[in-house]
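Structure first, commentary second.
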Amino acid sequence: MKLHRNLVHAVAQAITQITEEANHAETVVENLLASNKKWGARDRHFIAENIYEIIRHQLLLRHCANSSNPFHLLAARYTLQGLEIPDWAEFKDFTFSPPCADLPYKITYSIPDWLNEFGIDQLGEKNWQQEMQAMHTTAKTCLRINTLKATAANASKQLEAEGIAFTASDNFLILNDKRNIQNTIAYKSGWVEIQDGNSQKIAPLLQVKNKKKEIDACAGAGGKTLQLAAEMKNEGHIFALDVFEKKLQELNRRAQRAGAKNISTLVANQATLNQLKNKADKLLLDVPCSGSGVFRRKPDSKFKLSPQRMQELQNLQWQILSTYHTMLKSGGTMLYATCSIFPSENNFQVQRFLNEYGTQFCLEKEYFLSPAETGLDGFYAAVLTKK
C-alpha cells in the first residue's frame, strides 16, 4: 500500500491534537475531513482509519516504536501489518521492537496504569480483561428503524437499493462494513437512526404508554428521546432536558428529520425542575458517565479520564439522581442508566439512592449489558418505581 505524504502529515497532525492537546478524536477527525474537499473516499478512509487505530493501539505502538512521535506510531502500525515503510525524513530514527508473547495486556489493549488498577478493583481482573479485550476492536455501526416513518421491510429495501450491506439482529440492523450512512436517502429521510444495538434496549425498559407525560432529563442530542417518541407513536408528550442548549438544538433538528412531533426541549435548571415537579409518568435519567462501556467507539476517552474526573462524574450522577427524581409522579417509573461497566457509577449509585430514598422508591429490576457477552456497547439500567 502506497503512502502519500500529505495524508500521512494529516494523520500525524490529528494524533498530536488528540494526544497532546486533549482534543476529542471524533471532533478532530470531523474537522480534518471537512478541511479538504478534494480528498476522495479512499483518502478519507485512510485518514479516519489510521487516526482511530493509532489512538486505539497507542500504548502498544509506543512500545513497538520506542517513541511517541506520531510518524513513528504510524510506521509501527504499518510494520505490524507487514507493510513497507518509505525512506522519508519523517520516519528517520524509527526503530521497531516486535511485541513479545508475554506483553502485559494493559499494553496490548492500551490501558493507562491507573485505569487498569481501577478496572481490576471494580470488576475483578478476569472480567476486566475480558471487557477490555472485547472493547479493543472496531465498533459496529448499528441502525434503529424509525417506526414513525418506516417499517423494517421498506427501510431494509431502501438500504439495499443504495448498496448498504447489513445483517438484521433482533430489532436492529448491523452494517457489514464501515459506510457513511448519513449520505443515504434512508438516513436523510429519517427512516433509520444510528444507534448501538444495546443502546436501543434501554429506553423500552420504561414501557412508555401513549398519551402520558415522559421526561428524558439528560437528553443530550436525543438518541433515546427520539426512540421514546417512536415508542409512543407521537402521542402523549416528552419533555427533553439538558444543561447544554446546543445539544437541544441538535435534538430539535433530528426530531424534525425523524418526524417526532411530541417533544418539547427545556434547559435543565432549577426553574425547570420546579416547573416539572410531580409531572412525569416516566422519567429517564441517562446520566453523564465515564463512557467505559463505549471505549471501543471512543478509544481516546480512556486517556481523557483520571481519578479526579471519575470522582467528579460520580458526584454529578448522585446530584442528578438525588434531585431530578422529584419530577416523577407517585406511582411513576424512573429509569437510571449509564453507558458504563463500572459498579461505582451503576448499582452502587442506585443502592445509595435506595438507602436514602427507600421509603419513596423501590427497585424493580437491574440490567447489565456487557461488551464481552454481547459484542456491542456496555450499558447499565435500573428500573425503579415511586410509591
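The values are calculated or read from the model by the stated rules, or taken from the named source; none is laboratory data. Just so it is clear, the structure is predicted and the values come from calculations on it, not from any experiment. Here the Cβ is made from the backbone with ideal geometry for all residues, glycine too, and neighbour counts use every protein chain on show. Side chains included, ligands, DNA and RNA excluded: accessible areas come from the protein's heavy atoms. Shrake-Rupley method; radii C 1.70, N 1.55, O 1.52, S 1.80 Å.
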Lys and Arg at +1, Asp and Glu at -1: neighbours of Thr338 with Cβ under 13 Å from its Cβ sum to -3
Highest GNM mean-square fluctuation among Asn183, Asn252, Asn69, for the chain with Cα springs under 10 Å, belongs to Asn183
Everything considered on the Cα gyration tensor (a ≥ b ≥ c; rounded for a/c under 1.5, else prolate if a/b is larger than b/c, else oblate), the range 106-255 must be described as oblate
Scoring only Lys, Arg, Asp and Glu (+1, +1, -1, -1) among other residues with Cβ under 13 Å from the Cβ of Gly119 yields -3
The range 291-353 and the range 233-254 have their Cα centres apart by a whole-number Å value of 20 Å
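Output the antiparallel fraction of DSSP beta bridges having both residues in the chain, as a percent to the nearest 5.
The antiparallel fraction comes to roughly 55 percent.
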One finds the C-alpha centres of the range 110-180 and the range 1-72 to be spaced, in Å, by 22 Å
For 135-141, 279-285, 380-386, ranked highest to lowest by mean beta-carbon neighbours within 10 Å, the order is 279-285, 380-386, 135-141
Packing-ranked peptide list from 73-81, 358-366, highest mean Cβ count within 10 angstrom first, is 73-81, 358-366
Residue by residue through the range 171-181, the couplings from Karplus 6.51 cos²θ - 1.76 cosθ + 1.60 with θ = phi - 60°, in Hz, x for Gly and Pro, are 10, 10, 10, 10, 5, 6, 8, 6, 9, 7, 5
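Do any of Lys298/Lys365; Lys140/Lys386; Lys37/Lys178; Lys106/Lys224 go past 31 Å between their Cα atoms, and which? Don't skip to the end; give the middle numbers.
Working: Lys298/Lys365 29 Å; Lys140/Lys386 37 Å; Lys37/Lys178 20 Å; Lys106/Lys224 33 Å.
Over 31 Å Cα-Cα: Lys140/Lys386; Lys106/Lys224.
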Among (i) 31, 24, 20; (ii) 39, 26, 18; (iii) 39, 26, 21, the value of semi-axes √(5λ) of the Cα gyration tensor in Å computed for this structure carries the label (ii)
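Hey, any idea what % of the chain's accessible area is carbon plus sulfur with a 1.4 Å probe?
Roughly 48 percent, rounded to a whole number.
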The summed charge of the Arg352 Cβ neighbourhood (under 15 Å; Lys/Arg +1, Asp/Glu -1) stands at -3
For the range 221-265, listing GluC sites (Glu not before Pro) in a DSSP loop whose Cβ sees at most 14 other Cβ atoms within 10 Å gives Glu235
The ³J(HN,Hα) series, computed from each phi in the range 364-376 with the Karplus coefficients 6.51, -1.76 and 1.60 at θ = phi - 60°, rounded to the nearest Hz and given as x for glycine or proline, is 8, 6, 10, 10, 10, 10, 9, x, 5, 8, 9, x, 10
Note to self: with every protein chain in place and a 1.4 Å probe, the chain gives an accessible area per residue in Å² of 48 Å²
